[in-house]
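Comments concern the structure below.
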Amino acid sequence: MSASTSMNREDTGAGQTIPGHSWADVDGQWLGARAQAVGATALAQGALCPMPTDLLMLPKAAGAEVRRLLRRRPRGSSERQSQANPFLPPDQRLVLRAWGPAHTLLLNKYPIRPGHLLLITNGDQPQSGWLSSQDWQAAAALLERQDGLLFFNSGPVAGASQPHRHLQLLPRLPGRPCFPWEPWINQPNGVYPWRLRKTSLLKRDRDLAATMDRLYGQQLASLGLGSAREHRQPQGAYNLLITADWFITVPRRREEHQGVNINALGFAGMVLVTDQTSPAWLAAGGDVLSVLQAVGEEPSLTLQQRIPDSVVPPGCRSRS
């Protein structure tokens, strides 16, 4: 094997090769197969730890998927040692491959569903800082190859569990919406009971990374979160939700309400409750929209404060 070939390919040790740092030779089929293979091995080795949950049928969930966590994440000695930064270095048993010169693609140790991906920076970049053009190049390349929901939690108030910069991608499962509120959010004139910015994306954008970088700056500035030219970091917490169809920014004012911690997935209709969740809130029917209103910001007075039935798909309507 030539030196140039060995630099472009990495031996997996299982009769396969991993493409080198560039993502040009990677497609969705390879990513899916790689995630499945790495996941199976990591699960057998104890490196992948799906957390068991129960689906709750709550009358005021507004079509959201509310799950109860049955067991908290283990806090063994090895985890305590890595709490400072579990991504420097990342657990190699979870790594899919290098993703460009500045990022690594790996499986989430505590996945929401199979194939739940993390895109982390190789250097110690803060989750609370401005996302860079390199971040957007890596994120766009991933979204172009793996259909799903790309999301970002800007810090603890936005639901981030680690201070090291990481974006996440929840892959689409065949034959079903990627997330519960996808039919609602896909509607062009949806009304939301929390403040946000939403911009449609072109299906065949020739430079998706540049478009995402531009929208990121525009949306944060329009929400009063500052600009990279004038501020060292964004002037508030926020969540990003991005698909091939749209780019959304949701500003945040608190991390939780009624003992329900919310990250970006909450605004996609995916909520996790724990033993810290208010029993009274659950007994009253689990009003998900009220929690999201409390952790987000109030919308403009010109917008309706509740989601009208004419906008929300039938499966997403609250039942009084």
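Taken together, the values in this text are just the output of simple stated rules run on the coordinates, not laboratory data. Keep in mind that this is a model prediction, so the values were computed, not measured. Cβ sites come from the backbone with ideal geometry, for glycine too, and all protein chains shown count toward neighbours.
Just a few scattered comments:
- Rounded, prolate or oblate (a/c below 1.5 giving rounded, otherwise prolate when a/b exceeds b/c) for the stretch 148-192 by Cα gyration tensor: oblate
- In this rough spin-label picture, where each label sits 7 Å from Cα along the Cβ direction, the Gln134-Thr274 distance is 3.3 nm.
- Relative contact order (percent, whole number), the stretch 46-184, Cα cutoff 8 Å, 6+ residue spacing: 22
- Summarising the strand pairing of the stretch 3-316, around 90 percent of its internal DSSP beta bridges are antiparallel.
- Relative contact order, percent, the stretch 95-168 [alpha-carbon distance under 8 Å, six or more residues apart]: 32
- All aspartates and glutamates inside 17 Å of Lys109 as judged from Cα atoms, apart from same-chain residues fewer than 8 positions distant: Glu79, Asp91
- The string of couplings for the stretch 232-247 from the Karplus curve (6.51, -1.76, 1.60, θ = phi - 60°) is 5, 8, x, 8, x, 8, 7, 10, 10, 10, 9, 10, 5, 9, 7, 10 Hz, one whole number per residue in order, with x for Gly and Pro.
- Rounded if a/c under 1.5, otherwise prolate or oblate - the stretch 3-316, Cα gyration tensor axes: prolate
- Phi-based couplings in Hz for the stretch 137-143 (Karplus 6.51, -1.76, 1.60; Gly and Pro marked x): 4, 5, 5, 5, 4, 5, 5
- The distance from the alpha carbon centre of the stretch 210-258 to that of the stretch 92-139 is 19 Å, rounded to a whole number.
- Given their separation in residues at 0.36 nm each and the Cα-Cα distance between them, Ala24 and Asp124 gain 33.5 nm when the chain is fully extended.
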